[in-house]
Amino acid sequence: MTVATHPLWRPIAIGSNAARQSQRVAFRQTEPGPPQAYDRRWEASFARVRDLVASALGSDRTVLHVGSTAVPGMVAKPVIDVDLLVPDVLDEQAWLPKLEAVGFRLVFRDAIAGDPHRQLTLGEPNTNLHVWQPDAVEPRRHRLFVEWLRAHPEDRATYAEAKASAVRASGAVRYNDAKAAVVYDIYERAFTADPNHAHDPHPRP
């Protein structure tokens, strides 16, 4: 029997955030702080980041607000997560010095699910800027996750509780790893409901 798998599916990887720390090249300018209630000012903060990227690289770049601060009503750490698409992530000289010149700092140089990835931060507004190539899978996963949470308040509540549990587990496991199981389950529901792709259940171990 053939099992259908959504093209954006990835197996759960508990501990992956801890494992990627060896790829860190610097530390962020501003620490994230704990999760807090949704703040309407986060959209304006994203607009500032988008305009800053445009001033550095031009207005033709794809710059997307992702993560929990992009979901109205969602509890989130006050850090703006942004996906930036560039023609070639590995050609850092084409984009990195220009972003550094306007205040961004490279903190991770790694790959996620086989796609080259660079993570930069900004101090104000506190930002994670994720740099990908146009064919990367993870930015498409990010967009699907945001769209799903915007439309499903029950999963917003589930995710908020996972964040609270992850904070309580602080010290025993990294924050993102502590909520990875719930994130995986939410993706499973989003994949199963996607009218454009078949997906049979892939329960986590």
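The values are calculated or read from the model by the stated rules, or taken from the named source; none is laboratory data. Since this is a predicted model, take the numbers as computed values, not measurements. Cβ coordinates were reconstructed from backbone atoms using ideal geometry, including for glycine residues, and neighbour counts include every protein chain displayed.
For region 135-178, a residue qualifies if it is out of contact with any strand residue (DSSP E or B) (no Cβ under 7 Å at 6 or more places or on another chain), within 19 Å of residue 113 (Cα to Cα) and modelled with pLDDT of 95 or more, and the qualifying residues are 135, 140, 141, 144, 145. Among the residues making up region 21-45, those that are outside any loop (DSSP other than H, G, I, E, B) and either within 28 Å of residue 197 (Cβ to Cβ) or out of contact with any strand residue (DSSP E or B) (no Cβ under 8 Å at 6 or more places or on another chain) (or both) are 21, 22, 41, 44. Among the conditions (1) acidic (Asp, Glu); (2) in a loop (DSSP other than H, G, I, E, B); (3) surrounded by 15 or more Cβ atoms within 10 Å (Cβ to Cβ), the only one that residue 81 does not satisfy is (2). Across region 111-134, the number of residues qualifying as at pLDDT 95 or above, more than 17 Å from residue 61 (Cβ to Cβ) and surrounded by fewer than 16 Cβ atoms within 10 Å (Cβ to Cβ) comes to 4.
Restricting region 146-170 to residues that are in contact (Cβ under 8 Å) with a residue 60 or more places away in the chain and within 15 Å of residue 72 (Cβ to Cβ) leaves a set whose member that is surrounded by the fewest Cβ atoms within 10 Å (Cβ to Cβ) is 153.
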